[in-house]
Every structure is written in structure tokens, then in C-alpha cells.
1. Any residue that is loosely packed, with under 15 Cβ neighbours inside 10 Å and farther than 30 Å from PHE662 by Cα - is there at least one of those in segment 324-336?
2. Where in segment 320-435 are there strands (runs of 3 or more DSSP E), lying fully within it, with 3 or more residues that are more than 15 Å from the ligand (Cβ to nearest atom)?
3. Look at segment 169-226 and say how many of its residues are within 16 Å of the ligand (Cβ to nearest atom), part of a loop (DSSP other than H, G, I, E, B) and within 19 Å of the chain's Cα centre (by Cα).
4. Select, from LYS390, LYS413, LYS430, LYS463, the only residue that is in contact (Cβ under 8 Å) with a residue 60 or more places away in the chain, out of contact with any helix residue (DSSP H, G or I) (no Cβ under 6 Å at 6 or more places or on another chain) and of a type outside the set (A, V, I, L, M, F, W, C).
5. Name the single residue, out of those in segment 577-606 being surrounded by 17 or more Cβ atoms within 10 Å (Cβ to Cβ) and under 17 Å from LYS642 (Cβ atoms), that is farthest from the chain's Cα centre (by Cα).
6. Can you name every residue in segment 288-319 that is surrounded by fewer than 19 Cβ atoms within 10 Å (Cβ to Cβ) and touching a Gly at 6+ places or on another chain (Cβ under 7 Å)?
7. Note down all Cβ pairs under 6 Å where the first residue falls in segment 350-369 and is within 17 Å of ARG408 (Cα to Cα), the second is modelled with pLDDT under 95, and they're at least six residues apart or on different chains.
8. Is it the case that SER231 is under 30 Å from ARG525 (Cα atoms), polar (S, T, N, Q) and more than 13 Å from the ligand (Cβ to nearest atom)?
Amino acid sequence: MTSLEAEEKRLKSIEREIRSVQSEIEKTSRGEGLEDCDEELTKLQLENTKLKHRLEILNKAISNERKNSPRTSQKPPVQSNITEMVSITDHLLELFGAAIRASFPNLTDPPVIITPSTNAKFGDYQCNSALPIAQVLKNQGEKVSPRDIGVKITTNLAASPLVEKTEVAGPGFVNVFLEKKYGVNAISSVLKNGVKPPKFKKSRVIVDFSSPNIAKEMHVGHLRSTIIGDSICRLLEFLGHDVVRLNHVGDWGTQFGMLIAHLEDRFPNFTKESPPIGDLQAFYKESKKRFDEDEVFKKRAYSCVVKLQSGDPDSTKAWQLICDVSRKEFQKIYDRLDIKITERGESFYQSRMVDIVKELTSKNMLEEDEGRKIMWGEQHGQGIPLTIIKSDGGFTYDTSDMAAIKNRLAEEKADWVVYVTDAGQATHFKSIFSCAKRAGILDPTKHRIDHVGFGVVLGEDGKKFKTRSGDTVKLVDLLDEGLKRSLDKLKEKERDKVLTPDELKKAQESVAYGCIKYADLSHNRNNEYIFSFDKMLEDRGNTAVYLLYAYTRIKSIARNCGKDFTANIKKIIQETPIPVEHEKEWKLVKVLLKFPDVITKISKDLCLHHLCEFVYDVSTTFTEFYDSCYCIEKNPQGEIIKVNNGRVLLCEATAAILGECFDILGLKPVSKI
Ligand code: ARG
């Protein structure tokens, strides 16, 4: 062992001693349960004072050691008191980042790579930076073996309350083993303070989602946008952001010309008496037919659009009537799925479209193109230009999105805007973002902007999702079928014999809407997905049904522990450490500890399937734990003879974390199912 390594070893052992003394101090200063034993208490207090003295000496020793060692003095300060759940990956990135920079001060931006270990033999996490650093050094003409790099990194690694030990393996991989004490504290904090989000800078975020088109069918594509968008909002709200949920409904397109013209003909009295156009689909079809076949009608339709957009009162009234019918239909879907959203359709931007056209014209950014006015993004001639003004002088979808992005960033002062639509609109948004940057509206150094795309919904035959007769599926019908199928499922399990009618109804809705949402969210949104009630209602595998059952079962464990437990749970939480001795206990704790990592990851890529994978991982690991660790022991008569408080607390913490995940996913667990 070199003298440097020996010195490192000594430092580490002092750091370890500091931590153990700190925990002794914690214990002795509590003196809990000893209120009535004066003698014991005095002894403990004395011990406490001695320990504090010892700590002082140790701290002095370590700071002297550091002063004398220039290499180790670059270490970041030890954060010795992390007692809540933190993102382990972020913590390790910071820890290893500092060690790597201290080890290789001449490298600019050295790679810091942290991944969870795939094999428990190699610890819980790994730092895989040694190989790429060796490569960088080699390119600079310096030959160092990756293993030596790994060793060097570990010698510069500051102590961390999250890390029990590290090991250098193979060609320089640094294996990290998590510290059990951290797990115990972090899970305990979940029970004491609730599930808290990882710390983030708070932003004002506008999420544009759902956004169906008035008078047209709200189709499964809009359902996907609704489910994914709502879940993204729930996640951002959990993180503490200021979230504005906007429904950018298509309420200003040319379809209104023909609808208004048709309304004038069919119900000339419409300004005085509300016309019976409950079936807007049929009404839309009728007017479309006339529009396609009758030239005179077509002309009138166009003039109606112009009249509407210039604010003519009768046209506005007709437009409002039509919008109201659609709005009521959409609201039925939102109510059933428990979606909160504020309508701010394209029409809201009419005057802002006029303004943005002026702005872009004055900045010389619009070009003539066969009678249209187009705008290129940052790279002229690359990608697809926006059509800002049509050859007939009208505005387009592009114009409204340019006005909307300006409004959201400049007027609404959003730091971050998220658009949730099918992947087919990716090019549209690419052009919008590029043009907004060119026009100085979007500043990538200040604003974050995301187009959250998703694949198409397919039927079980792998073709576009349609009814048997080939029509588009009405969302209301789809939700009704979900309800029917979920009731069938509950009856198949004979739950109707156990639950009261009210409980059965709650369970039915929870399963029906839960399974539709979960099936959507659990697939990588970038891929197309096959809509299958049979699959989503399965009670095995990663489905809402399986998870809802699992959750209800976990929640019932504490309830079944008897009064001694339930009545004293607060006290028990304060007094009982979370158990981590049994291999399956520790395994479950470690899975739960991943929660902040998962949330952090989703806040970056906005892919909710990671959360679904996580809840499934939690549920299956919980089953392993529950199968091998007794929580409640009963005698042959079925009476409770022993409650393992710590393990039941672990069940409660599991339920708390699962519950938070369900909330983000928009699932509503019920107490009986
Ligand atoms: N109404 C559009 C559609 O049905 C979606 C709107 C999305 N939002 C936006 N700002 N363009 O395709």
C-alpha cells in the first residue's frame, strides 16, 4: 500500500467513526422511553456529552488531515445528514463528478456516468467513467489503465451518507453499495412527512393537451393526448410547478363557414331560439355534403368565415351555439376521466394573429410564395416553412400557433411550454419552434419547449382503430364499453357478492377508467399501441387491474393489525426503525428508494411508462417480501399473536409511494375491490 493509500484509509476510517458517533449522539440525546428512569437518563446524558467531545476531536483531526493533504483537500464537504429520499443518481453524479474532477483536474468536462447495477453482485449502482476517461487520456497521448483510473476516483471520493462502500471491479468500474441507514431514514421520513417530491427549480409551465376540434369527432388520438397530458400535468403539479392546463380546441377553422351557412338555412330563427343540433356529427356531415356538391353554398360558406372572423354579431352567435354543443360533449368525457382543463381555443388568438403577422412583416421575415406568405425557420430552405397567410388572405393553423407561442412566452410569462399531440404533428412543431427562435420569441437559454408526440392507436387487428362497421369509435361508447367490461370482470371474480352496490360501482369505475389510462401510459408513448380491453383487464402482468388489487391488499395489512397498531400508528412510526435485515426487506426498500430517480427522469423525457415500470417493480418486489417475511402472525384460531411493527410500516410506506404514483397516473384506487 502506498503512503497515499494508507492516508486515504485512515481518513475513511475517521469519517466512518464520525458517522457512527453522530448516530450514537442522536440515540442518546433522544433518551426516549426513559422518562421514568432518572438513573438511566443521567447515564445516557453523560455518555452523550462524552460522545460530543469525541466528535469534536474527530472533526478537528479530519480537518487537519485534509489541510495537510493538498489532493484530498479538493473533496467536497461531506453532507452527513440526508434523512429524506433524494435522487440517488443525482447524488452520485455530484459525488463522483467531484471525485473525477479532483482526480483529473486537467480534463475539461470529464464524463461522469452513473447507472443502476444490473447484477446485485456488482452493488446497487455503478460509476462507469473509467473507460471513457482512459480513452480521452489516450487521445491526449497519456496511457493510463482504466483500473488505475477507477482506483484514483475512489480515493478521491468523499464520504456520503448514501454509500456504504465502493469497490473497483474489472476494467475500472466502481461498484457502489447503498448504505442501509440511509434507506431506513429515507423510508421513515416518507411515513413521517409524506411522499415529498425531489427538489426542483419551480417553473411556470403551460401544458397544451387534449385539444379536440369543435363539431368534429373527439377521437382516440385526442383521448391519448388527454390521458398523457393530464398525467404530465399531475407530475408537474406534484413537483410544485405552476401549471396551466390549456385546451387548444380547434374553434376557428374554415369548417365554421359551412356550419354557419347551413345553420342559417336550416334554422333561420337561430338567433332567437336555440336550434336542436344535439347530434353535431350529423349536422357536420350534412353541411360538408352541401359544401362539396353545391358551388353557391361553398361561396357563401367562405363569406361566412370572413364575416365571423371580422366579428359580425349574428355569425358570432351561430358560432357560439355550435361551440356550446361540442363543449358539452367534450365535458362529459373530461368529467368521467376526472380531467381538469381550461378551454382556450384558436379563436382566442384572432387579434393576436393580426399582431403577429404585423410583427413578422416588420421584421422582414415573411416571403411571397405563389400568393401565400410563408416563413422559414432558423435555417432558410431547410425543413418545412410555415404558411402564415393563405393566398385568400386567411390565417392558418400555423398562424394561430405562432400567435399562441408568443402569447404563452411573452404575455403568460411561461418558462416552459409542453404540446401533447400525435407524432404526426412533429414537423409542424419543429417549424413553429424554429420560427419562434428566429423571430426572437423563443429563447432556448431561458425557455424550455417540448413537443410530446405519441404513436397512433391501433385495433386488435393491428389496423387503425375503428368500429366493426369501419366508423371512427366514439369516445363515449368506448368508455361505456370499458364500464361494462370492468363490471363483467368484477362479477367473474364474484366481487358483486362481497361488495355493497355503492362499493361495486366505485370499483367498476376505478377499474374501467384506470385500465384505459394505464394501458395508454404504460406503453412508450413514441410507439403505436394496440387498444385491447381483454389485455388491459387482465389481472396479471403490468395492468391497472393487477396494481389496483395489489394496492388495496397492501393497504389492508395495517388495517388488519388490530387496534393496538392502528390506534398508535403515529407513535409506532416515531419509534420503530424500518427493517432492512432480511434480504427481501432491504430489496424492497431499495426499490422504493428509486422513486425520486424515476420522477427526475420523467421530468426530463416526459415518458410516463417509466413510472408504470416502477410501480410494477414495486408491486412484484413487495410480493416477494410479503411471501417471505411475516408481518402478522396468527394462531390456528386466526387470532393475532404478533404484529411485526417494522414490517407493517414498510407495507405502509410502500402503499404511500404507490398511492402517489397512482395519483400521477390518474388512477383512483378504492378501499375495497
Ligand atoms: N386541434 C388540433 C388537432 O386536433 C390539436 C391542437 C394542438 N395544439 C396546438 N397548439 N396546435 O390536431
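1. yes
2. Numbers: elements: 367-369, 372-375, 386-389, 416-422.
The qualifying strands (runs of 3 or more DSSP E) are 367-369, 372-375.
3. 2
4. On the way: LYS390 fails: in contact (Cβ under 8 Å) with a residue 60 or more places away in the chain; LYS430 fails: in contact (Cβ under 8 Å) with a residue 60 or more places away in the chain; LYS463 fails: in contact (Cβ under 8 Å) with a residue 60 or more places away in the chain.
Among LYS390, LYS413, LYS430, LYS463, only LYS413 is in contact (Cβ under 8 Å) with a residue 60 or more places away in the chain, out of contact with any helix residue (DSSP H, G or I) (no Cβ under 6 Å at 6 or more places or on another chain) and of a type outside the set (A, V, I, L, M, F, W, C).
5. By that ranking, first place goes to PRO579.
6. Answer for segment 288-319, where residues must be surrounded by fewer than 19 Cβ atoms within 10 Å (Cβ to Cβ) and touching a Gly at 6+ places or on another chain (Cβ under 7 Å): just TYR302.
7. Matching pairs, first to second residue: MET353/PHE395.
8. On the way: under 30 Å from ARG525 (Cα atoms): yes; polar (S, T, N, Q): yes; more than 13 Å from the ligand (Cβ to nearest atom): yes.
Yes.
The values are calculated or read from the model by the stated rules, or taken from the named source; none is laboratory data. Model, not experiment: these values are computed from the prediction. Here Cβ is always computed from backbone atoms with ideal geometry, including for glycine, and neighbour counts include all displayed protein chains.
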